[in-house]
There are 2 protein chains.
Amino acid sequence: MSQGDDAGGLAAQPPSIDADRLLDRLRQLGQVGRDAEGRLCRLAASDADKAGRDRLADWIVSAGLELAIDRVGNMFGIWRPAQAPDATPDEAPVMIGSHIDTVIDAGIYDGCYGVLTGLEVAQALQSSGFTPACPIVVAAFTNEEGVRYAPDMMGSLVYAGGLAIDEALATLGTDGTALGAELARIGYAGSEEPGFLRPRAYLELHVEQGPVLERDAVPIGAVENLQGISWQRITIQGVANHAGTTPMSMRQDAGQAAARVVTFLRDRIAGPTTVATVGCMSFEPNAINVIPSRATFTVDLRDPDEHRLRQAEAALARYLDELARSEGVTVSAERLARFAPVSFDKAIVGLVEDAAQRLGLRSRRMTSGAGHDAQMLARICPAAMIFVPSAGGISHNPREHTERSDLLAGADVLLDVVRRLAGATFPPPSCHRAGGFQP
Amino acid sequence: MSQGDDAGGLAAQPPSIDADRLLDRLRQLGQVGRDAEGRLCRLAASDADKAGRDRLADWIVSAGLELAIDRVGNMFGIWRPAQAPDATPDEAPVMIGSHIDTVIDAGIYDGCYGVLTGLEVAQALQSSGFTPACPIVVAAFTNEEGVRYAPDMMGSLVYAGGLAIDEALATLGTDGTALGAELARIGYAGSEEPGFLRPRAYLELHVEQGPVLERDAVPIGAVENLQGISWQRITIQGVANHAGTTPMSMRQDAGQAAARVVTFLRDRIAGPTTVATVGCMSFEPNAINVIPSRATFTVDLRDPDEHRLRQAEAALARYLDELARSEGVTVSAERLARFAPVSFDKAIVGLVEDAAQRLGLRSRRMTSGAGHDAQMLARICPAAMIFVPSAGGISHNPREHTERSDLLAGADVLLDVVRRLAGATFPPPSCHRAGGFQP
């Protein structure tokens, strides 16, 4: 085992990303799974997903990596270095992952950028003669998007032990199919048990899907945590009545009450770290001259701090109680989803910042507002993410775009961090205990 | 012509309503036009409407009144008294009217109560030996509800000269039919020109369709005016973005802006006389984790005073401008309907109050929040309305209900007012000029 100080195992020649190969693969994969209207749509375990997986499998194998597939369809390209005779075998790999399934009418970067750059990093290290101190694994997790099968981030959730494999395989999709049957049909029901490789560290490179890096003209986001998410559906029941003949003082207007919740969320709940969104709204009977009897809407609350997220939920619940009294309506709230915030590993986040600095790239610590496979892997190992700018903050849309220079800057940072993680004995045991293993 | 002071032509025996006949006819007509699910549905010029009209025509003829139908299908039962040899012929009738078409899944009182009580009043006066100084006419106007053909109050609008007859007959319905063809098909395309009888006074008895009389335990509403109505559809265009990754400060949230309009209308626009309602609301893309790119909603503003209604419209327009700047959205407003307020004839309103007092019934002056045929007739003659309580304020609903005692109290007041209007020379010319003829 080669021993540098913080970057042991450095090769004779510095490794470098093959920019053209990376960008070409991104473009190629982005053409796989186009529907009749030309929309990119590789829903999990579909024929289009199979076509994308087949392409990735070819690239993994042609790069000399060992292809492994687990029972929930997660794909792995494993580089097992020959151990030096005097070295202690360390099978815990550095894992670089993301996903290649997409939403409907997707862009080409979400997920794919992380997987394909992970593969490129492995190939760059190989080409440079680098000898890693542990395996390096490139992972593509099944069904991150959750469009066809719920929940999202399912493959990594199963991998981290948060969902039983049999339950995952039995999940019925929007089209009535079972995930397990579809994985078998497309030939990606593997034999490895999920979790068969327990990483020493997990890295995920991803487009930001938000506007912050572009706004601040910062090419590298060192993602230090991931917001907790609270989703609720609120139903307000009032009384339908004539818009002309009912005095304002005698109304029990469900729409009015709903509007007050929307403005309350913005004015009183949202804050420096808390974001609040009402995305869905409907009125009944939805007639121009009838006071709404019912309003149904969703509330999406997010905060990287669990205590603050709970405070936001509690403040909303109190406000709904007040509203029921003041507006003469009845209010019910149904929890749709709840994920606790995730803190990423401080040491790895520090390596991301160091790498950016060495490469002359500005970076900023930031929070991920979206969910990612990294939040599942953080349950079982030290993990962190690297973000690159998304033009206009746009994602889940064919207009999703990241500049070539930003794509390559992110690849360079990932390469540097992986080289250090796989070169040194990282993380030290104390760091591992502090940063990993969340329930 | 018989000459009393304020109630000339009084008969030897006081006239009285045949309560059982009136309530039986209300029940009978309420059974005509039930659909397969038992819902009352007599849309204008439908087969069900024909069945209701046939029933009304039978009752008009059997009461000894002359049946007349105009080109837009308005039905009239005319009582032309024999003129005394020394009297000046006065052909301008006292008209009592409303409508018998219904909404879908209607109650049995809306409109029908006014028409059938008008018929009952004529019969009560006849039976008592009363000799009117002018014709008394019971009218049922076509398509008051406007469900199948727009606009509502169409028959009375045409009758008052506010819509050309040919335009009305060419109106296409929600089912693609033309009103004129459908009236001909059901046998109610008459030959009289709309407006052929110019009333000296118009009275409309109606259920309140609002909660005020019931709340205040007042059986008689002396309706002194009718709210002006302003309907707009507002569209707010923002930018769809990720609910998790978009900082609050960078949002252009169309739903948030729409909610602010809803609360602004309640908090800043609605007042002692102005009512404001947002009945329809929709968000796009309407996804839980996407900031709404578009919100579309309706605004229903009403006020009995035109100046205040215009002030409310102007305040809303100013607020929409501010909102466009403060929220970074674009706002467009489309006018859907606009009716100026209508003031009813003070002398007739006074007669309604006097009648209630004589009958030992509490009354209150009030504003009609809903549109009625009386607002169209007020363009061409002195007009007013009498309201009776609606249980729970409910209307346009099978639960629409008015207590028997209230129905009969309204009938008694109508009888008293008609007796005075048709007995004396009413209105004096000065009053007629002051109260009638609105452009």
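The values are calculated or read from the model by the stated rules, or taken from the named source; none is laboratory data. Keep in mind that what you see is a predicted model, and the values were worked out from it rather than measured. Positions of Cβ are backbone-derived with ideal geometry, glycine not excepted, and every protein chain shown enters the neighbour counts.
Residues are listed down the side, and each one gets a yes or a no for (1) at pLDDT below 95; (2) in contact with a strand residue (DSSP E or B) (Cβ under 8 Å, 6 or more places away or on another chain):
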| position | (1), (2) |
| --- | --- |
| A:A324 | no, yes |
| A:A340 | yes, yes |
| A:L359 | no, no |
| A:S363 | no, yes |
| A:I386 | no, yes |
| A:D412 | no, no |
| A:T425 | yes, no |
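Give the residues of segment B:387-408 that are more than 19 Å from the chain's Cα centre (by Cα) and buried (at least 24 other Cβ atoms within 10 Å of the Cβ), sorted by residue number.
Passing the criteria: none in range.
Filter segment A:331-351 down to residues that are touching a helix residue (DSSP H, G or I) at 6+ places or on another chain (Cβ under 6 Å) and of a type outside the set (D, E, K, R) and give me whichever is surrounded by the most Cβ atoms within 10 Å (Cβ to Cβ).
A:L351
Evaluate segment A:336-353: report whether one residue or more is more than 17 Å from A:R302 (Cβ to Cβ), within 14 Å of chain B (Cβ to nearest Cβ) and more than 17 Å from the chain's Cα centre (by Cα).
no
With over 17 Å from B:N286 (Cα atoms), in the same structural domain as B:L301 (by TED's automatic domain parsing) and out of contact with any Asp or Glu (no Cβ under 7 Å at 6 or more places or on another chain) as the only criterion, which of B:R233, B:R260 stands out?
Exactly one of B:R233, B:R260 is over 17 Å from B:N286 (Cα atoms), in the same structural domain as B:L301 (by TED's automatic domain parsing) and out of contact with any Asp or Glu (no Cβ under 7 Å at 6 or more places or on another chain), namely B:R260.
For segment B:298-315, indicate whether the set of residues that are buried (at least 23 other Cβ atoms within 10 Å of the Cβ), hydroxyl-bearing (S, T, Y) and in a strand (DSSP E or B) is non-empty.
No, the conditions are met nowhere in segment B:298-315.
Of the residues that sit in segment B:356-388 and are part of a strand (DSSP E or B) and of a type in the set (D, E, K, R), which one is farthest from the other protein chains (Cβ to nearest Cβ)?
B:R365
Give me the residue from segment B:264-281 that is in contact (Cβ under 8 Å) with a residue 12 or more places away in the chain and facing chain A (nearest Cβ under 7 Å) and, out of that set, nearest to B:M366 (Cα to Cα).
Checked segment B:264-281; the qualifying residue nearest to B:M366 (Cα to Cα) is B:V275.
Which condition breaks for A:A347 when tested against (1) in contact with a Gly (Cβ under 7 Å, 6 or more places away or on another chain); (2) part of a loop (DSSP other than H, G, I, E, B); (3) over 22 Å from A:I229 (Cα atoms)?
Unmet condition: (2).
Among B:A258, B:A240, B:A222, which is the only one that is closer than 30 Å to B:G360 by Cβ, touching a strand residue (DSSP E or B) at 6+ places or on another chain (Cβ under 7 Å) and among the small types (G, A, S)?
None of the others qualify; the one that does is B:A222.
When residues of segment B:39-54 are filtered for being assigned to a loop (DSSP other than H, G, I, E, B) and not basic (K, R), how many remain?
Qualifying residue count, segment B:39-54: 4.
Could you run through segment B:291-310 and say how many residues are out of contact with any helix residue (DSSP H, G or I) (no Cβ under 7 Å at 6 or more places or on another chain), closer than 20 Å to B:A370 by Cα and more than 9 Å from chain A (Cβ to nearest Cβ)?
The total comes to 7.
Taking the stated definitions as given, is A:V239 at pLDDT 95 or above and aliphatic (A, V, I, L, M)?
Criteria not met by A:V239.
Does segment A:316-335 hold any residues that are over 25 Å from the mean Cα position of the chain (by Cα) and either acidic (D, E) or part of a loop (DSSP other than H, G, I, E, B) (or both), and which are they?
A:D321, A:E322, A:E327, A:G328, A:V329
Looking only at residues in segment B:261-290 that are in contact with a helix residue (DSSP H, G or I) (Cβ under 6 Å, 6 or more places away or on another chain) and part of a helix (DSSP H, G or I), which one is surrounded by the fewest Cβ atoms within 10 Å (Cβ to Cβ)?
If we take residues in segment B:261-290 being in contact with a helix residue (DSSP H, G or I) (Cβ under 6 Å, 6 or more places away or on another chain) and part of a helix (DSSP H, G or I), then B:T263 is surrounded by the fewest Cβ atoms within 10 Å (Cβ to Cβ).
Do we have B:R404 as of a type in the set (K, R) and at pLDDT below 95 here?
No.
Tell me, yes or no, whether segment B:65-83 has at least one residue that is in a helix (DSSP H, G or I), farther than 17 Å from B:E400 by Cα, assigned by TED's automatic domain parsing to the domain that holds B:L205 and modelled with pLDDT of 95 or more.
no
Go through segment A:249-263 residue by residue and tally those that are over 47 Å from the mean Cα position of the chain (by Cα) and facing chain B (nearest Cβ under 7 Å).
Of the residues in segment A:249-263, 1 are over 47 Å from the mean Cα position of the chain (by Cα) and facing chain B (nearest Cβ under 7 Å).
What single numbered condition from (1) in contact (Cβ under 8 Å) with a residue 40 or more places away in the chain; (2) among the hydrophobic types (A, V, I, L, M, F, W, C); (3) buried (at least 19 other Cβ atoms within 10 Å of the Cβ) fails to hold for B:A68?
Answer for B:A68: the failing condition is (3).
Answer yes or no as to whether A:V223 is under 20 Å from the mean Cα position of the chain (by Cα), closer than 26 Å to A:C41 by Cα and β-branched (V, I, T).
No.
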